[in-house]
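Reading through the C-alpha coordinates given below for one structure.
The values are calculated or read from the model by the stated rules, or taken from the named source; none is laboratory data. Keep in mind the model is a prediction, meaning the values are calculated, not measured. Neighbour counts run over all protein chains shown; Cβ positions are idealised from the backbone, glycine included.
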Amino acid sequence: MKTIYGSLPFYDSLIKQDRVRTNAVVPVHCPRTKLPPFLIQVGTALVATVDSIKLVSCSGSETDITSGYFPSFPSVTASVATALGYYIQYNGDTLSKNLPLGSYYVKVTKSDATYYSDWINVWNMQNPLERFCKIQFSNTNNLGDIRYEGSFVQMVWLEAVLNIPTHEMIQTGEEKDGIFLAEKIVSKYIYTIIAYVSRGIYRCLMRLTQHDTITITDEVGNTYTPSIGNVIVEAPEWIGFDACKLTIKFNDGDNTAFGWVEL
(Lines give C-alpha, C1' and ligand atoms only; values in the text may rest on other atoms or scores of the structure.)
Protein backbone atom coordinates (compact mmCIF):
# COMPACT_ATOMS: atom_id res chain seq x y z
CA MET A 1 0.00 0.00 0.00
CA LYS A 2 0.93 3.66 -0.32
CA THR A 3 0.29 5.94 2.65
CA ILE A 4 -2.15 8.74 1.85
CA TYR A 5 -1.23 11.81 3.91
CA GLY A 6 -4.75 13.04 4.57
CA SER A 7 -6.47 13.91 7.82
CA LEU A 8 -5.59 10.46 9.22
CA PRO A 9 -2.63 8.62 7.63
CA PHE A 10 -2.56 4.79 7.63
CA TYR A 11 0.36 2.38 7.25
CA ASP A 12 0.80 -1.32 6.51
CA SER A 13 3.11 -1.76 9.50
CA LEU A 14 3.28 -0.43 13.06
CA ILE A 15 6.94 0.55 12.64
CA LYS A 16 5.91 3.14 10.03
CA GLN A 17 3.72 5.12 12.42
CA ASP A 18 4.89 8.67 13.15
CA ARG A 19 5.11 7.91 16.85
CA VAL A 20 7.41 4.92 16.29
CA ARG A 21 9.62 6.56 13.65
CA THR A 22 10.01 10.00 15.22
CA ASN A 23 8.67 9.65 18.79
CA ALA A 24 5.92 12.09 17.76
CA VAL A 25 4.38 13.83 20.75
CA VAL A 26 1.56 15.57 18.84
CA PRO A 27 -1.24 13.16 17.91
CA VAL A 28 -4.09 13.55 15.43
CA HIS A 29 -7.00 15.14 17.30
CA CYS A 30 -10.66 14.16 16.93
CA PRO A 31 -13.96 14.49 18.81
CA ARG A 32 -15.85 11.61 20.41
CA THR A 33 -18.53 11.73 17.72
CA LYS A 34 -16.45 10.69 14.70
CA LEU A 35 -13.06 9.53 13.51
CA PRO A 36 -11.05 11.77 11.20
CA PRO A 37 -11.95 10.98 7.56
CA PHE A 38 -9.39 8.72 5.90
CA LEU A 39 -8.36 7.01 2.69
CA ILE A 40 -6.39 3.77 2.54
CA GLN A 41 -4.97 2.93 -0.86
CA VAL A 42 -5.29 -0.84 -1.13
CA GLY A 43 -2.30 -2.50 -2.74
CA THR A 44 -4.29 -5.14 -4.58
CA ALA A 45 -7.06 -5.17 -7.17
CA LEU A 46 -9.15 -7.29 -4.80
CA VAL A 47 -12.24 -5.32 -3.79
CA ALA A 48 -12.97 -6.51 -0.27
CA THR A 49 -15.11 -5.09 2.50
CA VAL A 50 -13.64 -4.26 5.87
CA ASP A 51 -13.97 -7.04 8.46
CA SER A 52 -13.24 -5.02 11.60
CA ILE A 53 -12.27 -1.60 12.92
CA LYS A 54 -10.65 -1.44 16.35
CA LEU A 55 -9.12 1.18 18.64
CA VAL A 56 -5.84 0.03 20.18
CA SER A 57 -4.75 1.80 23.39
CA CYS A 58 -1.26 2.55 24.70
CA SER A 59 -1.41 -0.64 26.77
CA GLY A 60 -2.35 -2.70 23.72
CA SER A 61 -5.98 -3.35 24.71
CA GLU A 62 -8.45 -3.30 21.82
CA THR A 63 -11.92 -1.77 21.61
CA ASP A 64 -13.95 -3.18 18.73
CA ILE A 65 -15.98 -0.38 17.13
CA THR A 66 -17.03 -2.42 14.10
CA SER A 67 -20.63 -2.78 15.17
CA GLY A 68 -22.69 -0.42 17.29
CA TYR A 69 -20.67 2.63 16.26
CA PHE A 70 -21.09 2.87 12.49
CA PRO A 71 -24.75 3.46 11.51
CA SER A 72 -24.70 0.91 8.68
CA PHE A 73 -21.56 -1.18 8.70
CA PRO A 74 -19.72 -1.69 6.46
CA SER A 75 -19.76 2.05 5.86
CA VAL A 76 -16.06 1.73 5.09
CA THR A 77 -15.42 -0.39 2.00
CA ALA A 78 -12.85 -0.71 -0.73
CA SER A 79 -14.02 0.95 -3.91
CA VAL A 80 -12.74 1.51 -7.42
CA ALA A 81 -11.17 4.85 -8.28
CA THR A 82 -10.67 4.57 -12.03
CA ALA A 83 -7.23 6.10 -12.43
CA LEU A 84 -6.00 5.85 -8.86
CA GLY A 85 -6.63 2.23 -7.96
CA TYR A 86 -8.60 0.82 -5.03
CA TYR A 87 -9.34 2.64 -1.80
CA ILE A 88 -10.88 2.09 1.60
CA GLN A 89 -12.77 5.28 2.35
CA TYR A 90 -14.38 6.68 5.50
CA ASN A 91 -16.09 10.05 5.10
CA GLY A 92 -16.12 11.11 8.74
CA ASP A 93 -19.78 10.23 9.26
CA THR A 94 -21.19 10.79 12.75
CA LEU A 95 -21.04 7.58 14.77
CA SER A 96 -24.00 5.96 16.51
CA LYS A 97 -22.31 6.31 19.89
CA ASN A 98 -19.38 8.21 21.30
CA LEU A 99 -15.83 6.95 21.12
CA PRO A 100 -14.05 6.38 24.43
CA LEU A 101 -11.79 9.20 25.56
CA GLY A 102 -8.04 8.61 25.36
CA SER A 103 -5.13 7.92 23.00
CA TYR A 104 -5.37 5.15 20.40
CA TYR A 105 -4.46 4.07 16.94
CA VAL A 106 -7.09 2.68 14.57
CA LYS A 107 -6.61 -0.85 13.24
CA VAL A 108 -8.56 -1.66 10.07
CA THR A 109 -8.65 -5.32 9.05
CA LYS A 110 -9.94 -6.93 5.90
CA SER A 111 -9.56 -10.45 4.55
CA ASP A 112 -6.06 -10.06 3.14
CA ALA A 113 -4.44 -7.17 5.05
CA THR A 114 -4.32 -5.04 8.19
CA TYR A 115 -3.74 -1.28 8.29
CA TYR A 116 -2.65 0.92 11.21
CA SER A 117 -3.33 4.63 11.62
CA ASP A 118 -1.23 7.30 13.26
CA TRP A 119 -2.07 7.83 16.94
CA ILE A 120 -5.18 9.85 17.70
CA ASN A 121 -6.36 11.68 20.79
CA VAL A 122 -10.11 11.48 21.33
CA TRP A 123 -11.32 14.64 23.08
CA ASN A 124 -14.62 15.60 24.63
CA MET A 125 -14.98 18.56 22.26
CA GLN A 126 -17.92 20.80 22.97
CA ASN A 127 -19.97 22.91 20.59
CA PRO A 128 -18.47 25.45 20.07
CA LEU A 129 -15.06 23.79 19.97
CA GLU A 130 -13.57 25.93 22.79
CA ARG A 131 -9.84 25.14 22.50
CA PHE A 132 -9.89 23.74 18.94
CA CYS A 133 -10.20 25.02 15.38
CA LYS A 134 -11.54 22.73 12.67
CA ILE A 135 -10.55 22.84 9.01
CA GLN A 136 -12.72 21.03 6.43
CA PHE A 137 -11.47 20.93 2.85
CA SER A 138 -12.07 19.17 -0.44
CA ASN A 139 -11.46 19.64 -4.14
CA THR A 140 -13.53 19.27 -7.29
CA ASN A 141 -10.95 16.94 -8.81
CA ASN A 142 -8.61 14.32 -7.36
CA LEU A 143 -5.44 15.92 -6.01
CA GLY A 144 -2.44 13.69 -6.56
CA ASP A 145 -3.12 10.48 -4.66
CA ILE A 146 -6.06 11.95 -2.71
CA ARG A 147 -9.31 10.62 -4.15
CA TYR A 148 -11.98 13.30 -3.84
CA GLU A 149 -14.47 11.41 -5.99
CA GLY A 150 -17.36 10.16 -3.89
CA SER A 151 -17.79 13.35 -1.83
CA PHE A 152 -14.68 12.86 0.29
CA VAL A 153 -14.04 15.81 2.63
CA GLN A 154 -11.03 16.03 4.91
CA MET A 155 -11.32 17.27 8.50
CA VAL A 156 -8.44 18.35 10.70
CA TRP A 157 -8.89 19.55 14.29
CA LEU A 158 -6.07 21.78 15.55
CA GLU A 159 -5.54 22.40 19.25
CA ALA A 160 -5.47 26.16 18.78
CA VAL A 161 -7.57 29.33 18.82
CA LEU A 162 -7.51 32.17 16.32
CA ASN A 163 -4.20 33.96 16.70
CA ILE A 164 -3.21 37.59 16.21
CA PRO A 165 -4.71 38.92 12.94
CA THR A 166 -3.03 41.18 10.43
CA HIS A 167 -4.04 43.15 7.34
CA GLU A 168 -2.85 44.18 3.92
CA MET A 169 -3.47 47.46 2.05
CA ILE A 170 -3.52 47.47 -1.76
CA GLN A 171 -3.29 50.97 -3.28
CA THR A 172 -3.77 51.94 -6.91
CA GLY A 173 -2.89 55.40 -8.18
CA GLU A 174 0.04 57.58 -9.19
CA GLU A 175 2.63 59.78 -7.56
CA LYS A 176 2.80 63.42 -8.60
CA ASP A 177 5.23 66.00 -7.22
CA GLY A 178 6.10 63.69 -4.34
CA ILE A 179 2.47 63.11 -3.37
CA PHE A 180 0.68 59.80 -3.95
CA LEU A 181 -2.74 60.34 -5.50
CA ALA A 182 -4.90 57.37 -4.64
CA GLU A 183 -7.52 56.15 -7.08
CA LYS A 184 -8.44 52.96 -5.29
CA ILE A 185 -7.58 51.50 -1.86
CA VAL A 186 -8.48 47.98 -0.79
CA SER A 187 -8.04 46.76 2.78
CA LYS A 188 -7.78 43.02 3.44
CA TYR A 189 -8.28 41.51 6.91
CA ILE A 190 -6.25 38.33 7.42
CA TYR A 191 -6.92 35.68 10.06
CA THR A 192 -4.20 33.46 11.56
CA ILE A 193 -4.05 30.04 13.19
CA ILE A 194 -0.81 28.83 14.78
CA ALA A 195 -0.71 25.20 15.91
CA TYR A 196 1.77 22.48 16.74
CA VAL A 197 1.37 19.47 14.46
CA SER A 198 3.05 16.17 13.65
CA ARG A 199 4.88 15.41 10.44
CA GLY A 200 1.88 13.54 9.07
CA ILE A 201 -0.58 16.40 9.62
CA TYR A 202 1.98 18.86 8.24
CA ARG A 203 2.15 16.79 5.03
CA CYS A 204 -1.64 16.94 4.89
CA LEU A 205 -2.01 20.68 5.51
CA MET A 206 0.88 21.82 3.31
CA ARG A 207 -1.44 21.17 0.33
CA LEU A 208 -4.36 23.13 1.81
CA THR A 209 -3.91 26.06 -0.60
CA GLN A 210 -4.52 23.76 -3.59
CA HIS A 211 -8.11 22.96 -2.54
CA ASP A 212 -11.08 24.83 -3.96
CA THR A 213 -13.50 24.32 -1.06
CA ILE A 214 -12.37 25.18 2.47
CA THR A 215 -14.37 25.90 5.62
CA ILE A 216 -12.67 26.90 8.87
CA THR A 217 -14.52 26.86 12.21
CA ASP A 218 -12.93 28.71 15.12
CA GLU A 219 -13.07 27.99 18.83
CA VAL A 220 -16.32 29.93 19.37
CA GLY A 221 -18.19 28.51 16.38
CA ASN A 222 -17.60 31.22 13.77
CA THR A 223 -17.10 29.86 10.25
CA TYR A 224 -14.91 31.24 7.46
CA THR A 225 -14.88 30.32 3.77
CA PRO A 226 -11.62 31.55 2.24
CA SER A 227 -11.57 32.42 -1.45
CA ILE A 228 -9.69 29.98 -3.68
CA GLY A 229 -5.95 30.55 -3.34
CA ASN A 230 -6.35 32.79 -0.29
CA VAL A 231 -5.10 30.32 2.31
CA ILE A 232 -1.38 30.54 2.98
CA VAL A 233 0.40 27.72 4.81
CA GLU A 234 3.78 29.12 5.76
CA ALA A 235 6.94 27.04 5.87
CA PRO A 236 6.97 25.31 9.25
CA GLU A 237 9.19 26.15 12.19
CA TRP A 238 10.50 22.78 13.38
CA ILE A 239 10.78 22.63 17.15
CA GLY A 240 12.29 19.15 17.04
CA PHE A 241 12.56 16.08 14.87
CA ASP A 242 8.93 15.11 15.45
CA ALA A 243 6.78 18.27 15.54
CA CYS A 244 6.55 21.75 14.07
CA LYS A 245 4.84 25.07 14.64
CA LEU A 246 2.61 25.70 11.64
CA THR A 247 1.14 29.09 10.70
CA ILE A 248 -1.97 29.25 8.51
CA LYS A 249 -3.24 32.59 7.20
CA PHE A 250 -6.58 33.01 5.45
CA ASN A 251 -9.30 35.43 4.46
CA ASP A 252 -13.08 35.12 4.70
CA GLY A 253 -14.08 35.41 1.08
CA ASP A 254 -16.29 38.39 0.26
CA ASN A 255 -16.31 39.44 3.93
CA THR A 256 -12.60 40.19 3.88
CA ALA A 257 -11.76 42.91 1.35
CA PHE A 258 -13.18 46.42 1.53
CA GLY A 259 -12.56 48.92 -1.24
CA TRP A 260 -12.54 52.72 -1.55
CA VAL A 261 -12.63 54.36 -4.96
CA GLU A 262 -12.15 58.06 -5.72
CA LEU A 263 -15.39 59.46 -7.03
- Message: Return the residues of region 153-194 that are in contact with an Asp or Glu (Cβ under 8 Å, 6 or more places away or on another chain) and of a type in the set (Asp, Glu); say none if nothing qualifies.
- Response: Glu174, Glu183
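Out of the residues in region 55-70 that are β-branched (Val, Ile, Thr) and under 24 Å from the mean Cα position of the chain (by Cα), state the one that is surrounded by the fewest Cβ atoms within 10 Å (Cβ to Cβ).
Step one: list which residues in region 55-70 are β-branched (Val, Ile, Thr), which gives 56, 63, 65-66.
Restricting the remaining residues to those that are under 24 Å from the mean Cα position of the chain (by Cα) gives 56, 65-66.
Values: Val56: 18, Ile65: 21, Thr66: 16.
This residue is Thr66.
Residue-by-condition table, conditions (1) among the small types (Gly, Ala, Ser); (2) under 20 Å from Thr33 (Cα atoms); (3) in contact with a Ser or Thr (Cβ under 9 Å, 6 or more places away or on another chain):
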| residue | (1), (2), (3) |
| --- | --- |
| Ser59 | yes, no, no |
| Tyr86 | no, no, yes |
| Lys110 | no, no, yes |
| Met155 | no, yes, yes |
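Residue-wise test of (1) exposed (fewer than 15 other Cβ atoms within 10 Å of the Cβ); (2) outside any loop (DSSP other than H, G, I, E, B); (3) touching a strand residue (DSSP E or B) at 6+ places or on another chain (Cβ under 9 Å).
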| residue | (1), (2), (3) |
| --- | --- |
| Val106 | no, yes, yes |
| Tyr115 | no, yes, yes |
| Lys134 | no, yes, yes |
| Phe137 | no, yes, yes |
| Phe152 | no, no, yes |
| Ile164 | yes, no, yes |
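A quick yes/no check of all residues on (1) closer than 24 Å to Asp118 by Cα; (2) outside the structural domain of Ala182 (by TED's automatic domain parsing); (3) of a type outside the set (S, T, N, Q):
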site	(1), (2), (3)
Leu208	yes, no, yes
Asp212	no, no, yes
Thr217	yes, no, no
Gly221	no, no, yes
Val233	yes, no, yes
Gly240	yes, no, yes
Leu246	yes, no, yes
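Does Ser187 fit the bill of being in contact (Cβ under 8 Å) with a residue 24 or more places away in the chain, of a type in the set (Ser, Thr, Tyr) and in a loop (DSSP other than H, G, I, E, B)?
Numbers: in contact (Cβ under 8 Å) with a residue 24 or more places away in the chain: yes; of a type in the set (Ser, Thr, Tyr): yes; in a loop (DSSP other than H, G, I, E, B): no.
It is false that Ser187 is in contact (Cβ under 8 Å) with a residue 24 or more places away in the chain, of a type in the set (Ser, Thr, Tyr) and in a loop (DSSP other than H, G, I, E, B).
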- Just a yes or no: is a residue in region 211-228 within 22 Å of Ile120 (Cα to Cα) and outside any strand (DSSP E or B)? yes
- Residues of region 207-232 being within 13 Å of the chain's Cα centre (by Cα) and within 19 Å of Phe132 (Cα to Cα), which ones? Leu208, Ile214, Thr215, Ile216, Thr217
- Within region 49-65, residues being aliphatic (A, V, I, L, M) and free of Cβ contacts under 8 Å to residues at least 24 places away in the same chain number 0
- Query: Can you tell me which residues in region 139-150 are in a loop (DSSP other than H, G, I, E, B) and either in contact (Cβ under 8 Å) with a residue 60 or more places away in the chain or under 21 Å from Lys34 (Cα atoms) (or both)?
  - Reply: Asn139, Thr140, Asn142, Gly144, Asp145, Arg147, Tyr148, Glu149, Gly150
- region 109-130: number of residues that are over 14 Å from Gln17 (Cα atoms) and of a type outside the set (S, T, N, Q): 9
- Criterion (touching a Ser or Thr at 6+ places or on another chain (Cβ under 6 Å) and surrounded by 15 or more Cβ atoms within 10 Å (Cβ to Cβ)) met by exactly one of Ile185, Ile194: Ile194
- Do we have any residue at all in region 233-242 that's in contact with a Lys or Arg (Cβ under 6 Å, 6 or more places away or on another chain), of a type outside the set (Phe, Trp, Tyr), part of a strand (DSSP E or B) and at pLDDT 90 or above? yes
